[in-house]
1. Tell me the carbon and sulfur percent of the accessible area for segment 19-313, rounded to whole percent, probe radius 1.4 Å.
2. Ignoring everything except DSSP H segments at least 4 long, calculate the 222 nm mean residue ellipticity for the chain; use -39,500 (n - 2.57) per segment, divide by total residues, nearest 500.
3. Heavy atoms of the protein only, probe of 1.4 Å, neighbouring chains included. What is the accessible area of residue 60 in Å², nearest 10?
4. Using alpha carbons only, how many angstrom separate the centre of segment 125-189 from the centre of segment 267-290?
5. Between residue 50 and residue 78, what FRET efficiency comes out of the Förster formula 1/(1 + (r/R0)^6) with R0 = 22 Å and r the beta carbon distance, rounded to 0.05?
6. Sort 133, 11, 285 from largest to smallest accessible area, using a 1.4 Å probe on the heavy atoms of the protein chains.
7. So for segment 49-191, averaging the separation of alpha carbon pairs under 8 Å that are six or more residues apart and normalising by length, what relative contact order in percent results?
8. Express the relative contact order of segment 210-261 as a whole percentage, based on alpha carbon pairs under 8 Å and six or more residues apart in sequence.
Amino acid sequence: MRSPTPQVVRDPSLPEAVTIWEVGPRDGLQNESVTVPLEVKAELVGRLVASGLPVVEATSFVHPRWVPQLADAAELVARLAADGLLAGETPLPVLVPNERGLDRALRAGVTHVAVFLSATETFARRNLNRGLDEQYAMADPVVTRAKAAGLHVRAYLSMCFGDPWEGDVPVDQVVTAGRRLLAMGADQLSLGDTIGVGTVGHVSALLRAFAEGGTAPGELAMHFHDTYSQALANTVAAMHAGVTTFDASAGGLGGCPYAHSATGNLATEDLVWLLDGLGVHTGVDLAAVVDTSSWLAGHLGRPSPSRVVRALAD
Ligand code: MG
């Protein structure tokens, strides 16, 4: 029997290619209860690069007190440099929460960094221990210095479609916050549906509002969570709005820290299956990512929540 693949039927109204921004080693592992050893992390990044993913976000230079799962960030980056991956063709971005994190990233020789902010006041206070204005004050010198050092800077904006404490998040509030980050000098803005509550009409409305505000879709990435099985539909809606960069996590690593659900980050494999079927080029070898997720599941002691991984794994 042949290994199943979707029959390819192009939709000419969709982009010919998209970039999958793999976040499993950072956003995934930081939310797993099991901390995997350095060797496993290094092999994970290497395998994801080898499977054709064009960007693999490697780790976070956050204080180990907040994210003990990534306490070995500096050692991991040194290891990736020794393996020849850090200077390779595939960018390996690192999250930097503040200037101290940026200093560590610069010393480590990374070329791509990401900052992380909230679209809502409550999440800014709970997650970053800062109000909205204070988070911009913290991010501004990080972005400015990183750009001056020649780095690529991505800005994550979380809680763009709903907040577990505040509920609905107004579209205008997200556009204002996002445009402020782009105005700071960020190269790309990743809009996060952190609790996975976004639906198709909401995605279209938010992207329309960004376009009306003067933001080109090429400046945006979408970070969908699949908590309520909406991530793929939302992806199609965003592609129709011209977005061509999508975040995903191999095997759906990470769960959802705010919904007590096993399903959080959109699984890379589910996204690749969709895009393969639509004839949208990604450069990603689906079977290789499935192999990697199955291998990693053994280290995490839990099966992948991805339907595609479950269907295709041996
Ligand atoms: Mg996420």
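1. 52 percent
2. -11500 deg cm²/dmol
3. Number for this one is 0 Å².
4. The distance from the Cα centre of segment 125-189 to that of segment 267-290 comes to 29 Å.
5. 0.65
6. My answer, sorted largest first, is 133, 285, 11.
7. 19 percent
8. Once divided by the residue count of segment 210-261, the mean separation gives 40 percent.
The values are calculated or read from the model by the stated rules, or taken from the named source; none is laboratory data. Note that the coordinates shown come from a computational prediction; the quantities given were computed from them, not determined experimentally. Every residue, glycine as well, gets a Cβ built from its backbone with ideal geometry; the counts of neighbours run over all protein chains shown. Accessible surface areas use protein heavy atoms only, side chains included; no ligands, DNA or RNA. Shrake-Rupley method; radii C 1.70, N 1.55, O 1.52, S 1.80 Å.
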